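**Q** Quick one: this structure, given as structure tokens, is what I'll be asking you about.
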Amino acid sequence: MLFENVNRLLARTTQTAVVYECRRCGTSVDEDTERCPECDAEAIVRHRIS
């Protein structure tokens, strides 16, 4: 039981997704995008989802 709980916790910390989106309009963009293709804003934000 202890090992199962430890493995479950470790799995949570290693499975992290990263999402990039425009801060102004919320459009999802690629990692290397500098300006939003929809609203031309430079405010691209990175969200780590775990």
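The values are calculated or read from the model by the stated rules, or taken from the named source; none is laboratory data. Remember, it's a predicted structure, so these values are computed and weren't measured experimentally. Every residue, glycine among them, receives a Cβ derived from its backbone with ideal geometry; neighbour counts consider all protein chains shown.
**Q** Within region 24-50, work out how many residues are of a type in the set (Lys, Arg) and surrounded by 10 or more Cβ atoms within 10 Å (Cβ to Cβ).
**A** 2
**Q** Any residue at all in region 33-45 that is modelled with pLDDT under 95, within 13 Å of the chain's Cα centre (by Cα) and not in a helix (DSSP H, G or I)?
**A** no
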